[in-house]
Amino acid sequence: MALLPILETPHPMLREISTPVEAVDDEIRALVADMFDTMYAAPGIGLAAVQVGVPKRLLVIDLQEPEEEGGEPVRKPMVFINPEILEKSETMQVYSEGCLSVPDQYAEVERPDHIRARWLDEHGNSHEKELEGLLGICLQHEMDHLEGILFIDHLSRLKREMVLKKLAKQRRMAA
Ligand code: GNR
Ligand code: NI
């Protein structure tokens, strides 16, 4: 079990474009394990490698949703290596997003409500699927990280500045 420090805005590495994973090997699998430890501890529902200082095209997601209303959260860890979005729907959905790199700040972001995606898992096996709902939102949010994009970049300038002001205030209060 290893917890990795999570980079926060305005760390310049969060603006880097992550590079493809060349080989899905034990080193990558060890990083994936540490990323799950870090994500569950945070807690969060997704984490991109660049958020822990490794600018590679790799991310993990676990929505930890209850199987049925009111039930216990069920762990369903998913690993996405070198993910690609093949198609995006014209129809959009709005969701109040947060980000471990913009701690405790939330704002509504509009994104396509269905995407077709392809990726490799931690064994190097390829998957192609249509994703919707929170999983589709989360994958798009994580894939933005691979391009150096944060959810606040999708907001109007006014809303983005409000979020950054609240973040600065929170940091002042915590200091
Ligand atoms: O934990 C997280 N919650 C979340 C909520 C709505 C949309 C996206 C996310 S991802 C976020 C964790 C994170 O920062 N991943 O990059
Ligand atoms: Ni994020």
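Can you find, within the stretch 117-134, the residue that is farthest from ligand 1 (Cβ to nearest atom) among those that are surrounded by 13 or more Cβ atoms within 10 Å (Cβ to Cβ) and over 21 Å from Val21 (Cβ atoms)? So, considering only residues that are surrounded by 13 or more Cβ atoms within 10 Å (Cβ to Cβ) and over 21 Å from Val21 (Cβ atoms), the one farthest from ligand 1 (Cβ to nearest atom) is Glu132.
Restricting attention to the stretch 61-92, the residues being within 15 Å of ligand 1 (Cβ to nearest atom), in contact (Cβ under 8 Å) with a residue 60 or more places away in the chain and of a type in the set (Val, Ile, Thr) number 1.
The residue list Ser96, Ser101 contains one member that is within 16 Å of ligand 2 (Cβ to nearest atom) and closer than 19 Å to Leu4 by Cα, which is Ser101.
A single member of Glu87, Glu97, Glu110 is under 22 Å from Gln51 (Cβ atoms) and among the charged types (D, E, K, R), and it is Glu97.
Here, each number is a calculation from the coordinates, and none is a lab measurement. Given the structure is predicted, the values throughout are model-derived calculations rather than measurements. Here the Cβ is made from the backbone with ideal geometry for all residues, glycine too, and neighbour counts use every protein chain on show.
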